[in-house]
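The values are calculated or read from the model by the stated rules, or taken from the named source; none is laboratory data. Since the model is a prediction, treat every value here as computed from it, not as a measurement. Here the Cβ is made from the backbone with ideal geometry for all residues, glycine too, and neighbour counts use every protein chain on show. All accessible areas refer to the heavy atoms of the entire protein, side chains included, with ligands and DNA or RNA removed. Shrake-Rupley method; radii C 1.70, N 1.55, O 1.52, S 1.80 Å.
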Amino acid sequence: MTTITRFAPSPTGMLHIGGARTALFNYLFARRNQGKFLLRIEDTDKARSTQEAVDAILDGMSWLGLDADEAPVFQSAQAGRHVECAEAMVANGRAFRCYATPEELQARRDEGEAARAAAKQDGVSEADRQSLLRKAEELLAPFRSPWRDGGEAPAPDAPYTIRLRAPDDGQIIVQDGVQGEVKVAAREIDDLILLRADGSPTYMLAVVVDDHDMGVTHVIRGDDHLRNTFRQIPIYQAMDWDVPHFSHVPMIHGDDGAKLSKRHGALSTTAYRDMGYLPEALNSYLLRLGWSHGDEEIFTLESAAKVFSIEAINRSPARLDLAKLNDVNAHFIRACDDARLLTLLKPWLEEAKGEPMDDTIMERITAALPSMKDRGATLPELAEAFSFLWSANTDNLNKKARKALSGDNLERLSDLRQAIANVEEWRDTALQQALQSYCAENELSFGQVGPPVRAALTGGLPAPDLAPVMEWLGRNETLSRIDFHLARTDMQSE
Ligand code: GLU
């Protein structure tokens, strides 16, 4: 049987990183088993579902590369089928028309609460207390409708809901892929509503019908849905359908162990794109957050798809650790193909420079990129590291740079300018050679020569070794940056 998994987000906001991790697990499990990964947009709640949220989910998934194998299924479009299934359950006696009104149900709950409160009053005899508590327990127990075994409608046109006839006794057992065996007594399950009085299907019905119709064999979702599973299994049984294999994944928590919230950092998947993380880094990080394979830290979708298993999903909640995400991102920046990295960096370079990049600067950056990849954990950090390629920082010289560009140092800078101006091939090896020969000929250490050149070229901005810096800047820019300082008079006396 083909393994079919699905991700079933409700389009009521952004693609939450917890949701992205659920999608990732489903994607990988399908890949691992040469199955299919499907996407279902659960948009039955028309009041809360928006097209914007649908777009945000699709955008986030496509950014992460979690492409579904078929076009998304929109749950609201299946409403007719949901109704048909509810009617089929009425026909086979597993569901029934219930004429209990919301007011009656509320009155029942109120009466139960009142009995419970009365039992706590002072002066109530033990016998009365016990009987009040029994009454409260009965009234507050999961609803079993008086119409579950049939019965006349109170009036010919009385409104009704269609409810599932919940199992009378026994247990509902889930062999959960993550949680192990979990069970509840059937009495804990109510005669849940399948179709509302207005004829609309409930979420509980829609999920089961859609999962069945889509052929879903494995449901992997957040453990906040575990309780729903106990209510969904009786629907499968009432339809005589196979129950899929369930796995309920623990939630992601913040670094303090509390439920993940805004104060722990961004919750939206694409916010990480907007902060300069690579999609493969977020995938690798989210995967390890809740799943492990030995002590391997870095995975690509391809490498993970070879080894992913539900058994290795952690049973306890994972904690979001942004420092770790930075390490993973730094890894994937280093591993990134130059051309792609350059494309990803460009908007950040322009942001750092404050204006569009011209071709000359882009050429310098292109030349420097292979040696510079380890200079930032995020794209904006890396973009910033290139700033010496478009700015000599002459207006912001720090104290150290000013000192390096004063007194005797300027003479050395001038001599050295002559030495390098004649270098034939403007490449880092030849330039390094020229710097070394100059030092040797003048009995100077590199520590005496390096600082003025560095200060002239980069104005104190962080930068790698001088020879490659000169190569990337090119002959004209290198010499003109040096000349600028040789010509200025304001620091001669410092
Ligand atoms: N639509 C549900 C949600 O967004 C998921 C339902 C499911 O996975 O079964 O949480």
Problem - Only Lys, Arg (+1) and Asp, Glu (-1) charged, at Cβ; the chain dipole about Cα centre in debye - result: 700
Fill in the blank from the handout: Around Gly257 (Cβ within 14 Å, Cβ-to-Cβ, excluding Gly257; K/R +1, D/E -1) the net charge comes to 0
Completion exercise
With a ≥ b ≥ c from the Cα gyration tensor eigenvalues, square-rooted, and the rule rounded for a/c under 1.5, otherwise prolate when a/b > b/c and oblate otherwise, segment 181-244 is oblate
Handout entry: Tensor-based shape of segment 121-256 (alpha-carbon gyration tensor, a/c under 1.5 rounded, otherwise prolate or oblate)
Key = oblate
Completion exercise
Taking a straight Cα-to-Cα line shorter than 15 Å from Lys46, and setting aside same-chain aspartates and glutamates fewer than 8 residues away, one finds Asp198
Handout entry: Under 20 Å from the Cα of Lys259 - aspartates and glutamates, other chains or at least 8 residues apart
Key = Asp223, Asp224, Asp321
Handout entry: Whether segment 1-90 is rounded, prolate or oblate, judged on the alpha carbon gyration tensor where a/c under 1.5 counts as rounded
Key = oblate
Problem - Within-14-Å neighbourhood charge of Thr429 [Cβ basis; K, R +1; D, E -1] - result: -4
Fill in the blank from the handout: For segment 1-68 the mean separation of alpha carbon contacts under 8 Å (6+ apart) over residue count, i.e. relative contact order in percent, is 45
Problem - Pairs beyond 26 Å (Cα-Cα), from Lys324/Lys373; Lys36/Lys306; Lys353/Lys400; Lys120/Lys183; Lys36/Lys346; Lys346/Lys373 - result: Lys120/Lys183; Lys36/Lys346
Fill in the blank from the handout: Taking the chain and counting helices only, DSSP H stretches of n ≥ 4 at -39,500 (n - 2.57) each over all residues, the nearest-500 ellipticity at 222 nm comes to -15500 deg cm²/dmol
Practice task
With a 1.4 Å probe and all protein chains in place, put Tyr236, Tyr160, Tyr277 in order of accessible area, largest first.
Solution key: Tyr160, Tyr277, Tyr236
